Amino acid sequence: MKVTGVLLLVTGWLLVLCAISILKSGAARNGFVLAGLAVEILGLVLAIRAHLPVRTER
Amino acid sequence: MLIAPLSLAGLALINTGLGRSRNAAHAMLSAVCAASLAVCVYFVIGRCWHGSASEAAHTFFAAGKPWNWLGAVPPFFSGLAPDGSPAFLAAWFGLLSAALAALIPLGSGGERWRLSSLCASTALLAGITFPIFAHWSQGGGWLQQLGVNFGLGTGFVDTGGAGSIHVTGGLTALAIAWILGPRRGKYSHDGMPMAIPGHSVVFVLFGCLVAAAGWMGLNSAGAILFAGVPPGRLALVGVNTLLGACSAALTAAVVTRIRFGLPDASLSANGWVGGLVASSAGAAFMPPAAAVLTGLIAGMLVTLSVELLELRFEIDDPGGSISVHAVAGIWGLLATGMLGRFPGSDTGAFFAQIVGIATLLGFVFPLTWGLNAALNRFIPMRVSREGERQGLDLFELGAGAYPDFVTHADDHTQR
């Protein structure tokens, strides 16, 4: 699950890159940039939560 | 620039003070070794990829736009005339920045990170992770050119290194804390954290004051080098840096007073440094009232983040590096986009900062985590159980930091 979280981080970043390079301007571009960041935050939360069981099993 | 190295001294003192006395000499030596290695690695290879806006770089074209993605500068500072040119001063700034970034993960890996693997990890940070992002954000890279190429304000603004130094170092600190795991005895079997207080609050608070002097130098130098701020405007940088630190420290003291009944010295110190970190992004572009607001929120975020990471996520970060550098740094970048006043167009400035933050989370963090996880397979990072019990001073260095004093009764009792 940690790897999935990290992959989501990368995916969110690629979404942001695509948004600024493909969409020219306006609300759509800004919306996709924010969506990319939201995907990254989701990935970070997933990666952090995936870290928890390892600790509690100790 | 001459006072900027004080930020290294400040961080080293803070990291040492927040650890136990049995690890004090190791913590200080780790700081010296990490800073030295970072400077040498940056001199040999890091600067090749970092470069500066006025030097050669690798560029490709996509979607009809140039993407300046990597510096193309010769190694060993060759080709740089020591004449006080912007390129030479940027190289000097890069040396200091690499050293400062290298000290940040030491806080999260404290008391359980072997010196040899710590040096190897530092080499990766100073040779790969830091220079790549620093090129993008400060060396004329694609993030800095977001304004020119994509109409996003004046591009990504990070004059003092909130992103390139602090968030990069803070995210590396998170990766290191994950890889190392918590200190023995930090969490009970049911996941409840135990308090392991640092051995010298005096070191920590003195380190804060020393670091503030260094930050003034770093923020001022960055503002001149990467944003072309005229020297007459440096007073604003100094004022905003100080206001950010003071308001963040006061907020942290008040928050801990409300939550725990008494103000907490080490968390207030973390708040102070968090305020300095948040000010690094755009101290040259903020009105003083905005710098105070940035500091207030940074102090609150740092305090709450320390608690969240320790209690909810079971991430053992003895120096608070993740909260102080990653969380406060990201907030500082965001605040610059929201509250900054730029000479050109403000339109899109906020989204330029968002793109920079997304790059830190989506590129820098996976990169630094992957590199350190791979390194851990070849050079194990964590010290042995016996080494951790004995303390790293005796185990790795053969002598304690305070040989004249009995500092821990439990070290000397029969088991």
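Brief remarks follow.
- Peptide A:10-23 has a mean shielding of 5, counted as Cβ atoms of other protein chains within 10 Å of each residue's Cβ.
- Extension gain for B:Ser384-B:Phe405 works out to 5.0 nm (0.36 nm per residue, less the C-alpha to C-alpha distance).
- Per-peptide packing, taken as the mean over residues of other Cβ atoms within 10 Å, places A:38-44, B:319-325 in the sequence B:319-325, A:38-44 from highest down.
- Mean Cβ neighbour count within 10 Å, used as a protection proxy, ranking B:154-161, B:171-178 highest first: B:154-161, B:171-178
- Full-extension gain in nm, B:Leu304 to B:Val201, via 0.36 nm per residue minus C-alpha separation: 35.1 nm
- Peptide B:352-360 - average C-beta neighbours from other chains (10 Å radius): 5
- Whole-percent carbon and sulfur share, accessible surface of region B:244-298, 1.4 Å: 77 percent
- Full-stretch length increase - B:Phe61, B:Ser85 - with 0.36 nm per residue and alpha-carbon distance subtracted: 5.7 nm
- Note on region B:184-213 and region B:341-386: Cα centroid distance 24 Å, given to the nearest whole angstrom.
- The A-B contact accounts for roughly 2600 square angstrom of buried accessible surface, both chains included, probe 1.4 angstrom.
- Per residue, the protein assembly as shown reaches -19500 deg cm²/dmol at 222 nm when only DSSP H runs of four or more residues are counted, each adding -39500 (n - 2.57).
- Between the Cα long axis of helix B:24-41 and the first principal axis of chain B there is an angle of about 30°, rounded to the nearest 10.
- Nearest 10 degrees, 0 to 90: helix A:2-22 Cα axis against chain A principal axis: 10 degrees
- Debye intensity ratio I(q)/I(0), log10, region B:282-415, q values 0.11, 0.15, 0.18 Å⁻¹ (C-alpha model): -0.66, -0.94, -1.10
- FRET efficiency for the pair B:Ala235 and B:Leu394, taken as 1/(1 + (r/R0)^6) with r the Cβ-Cβ distance and R0 = 56 Å, rounds to 0.70.
- Solvent-accessible heavy-atom area per residue, rounded to whole Å², over region B:1-123 at 1.4 Å: 36 Å²
- When you restrict to C-alpha pairs under 8 Å that are six or more residues apart and normalise by the size of region B:87-153, the relative contact order lands at 25 percent.
- Between helix A:27-56 and chain A: long-axis angle, C-alpha atoms, 0 to 90°, nearest 10: 10 degrees
- Taken residue by residue and averaged, Cβ atoms of other chains lying within 10 Å of the Cβ of B:174-184 number 2.
The values are calculated or read from the model by the stated rules, or taken from the named source; none is laboratory data. Since the model is a prediction, treat every value here as computed from it, not as a measurement. Virtual Cβ from ideal backbone geometry, glycine too; neighbours counted across all protein chains shown. Ligands, DNA and RNA are excluded from the accessible area calculation, which covers all protein heavy atoms including side chains. Shrake-Rupley method; radii C 1.70, N 1.55, O 1.52, S 1.80 Å.
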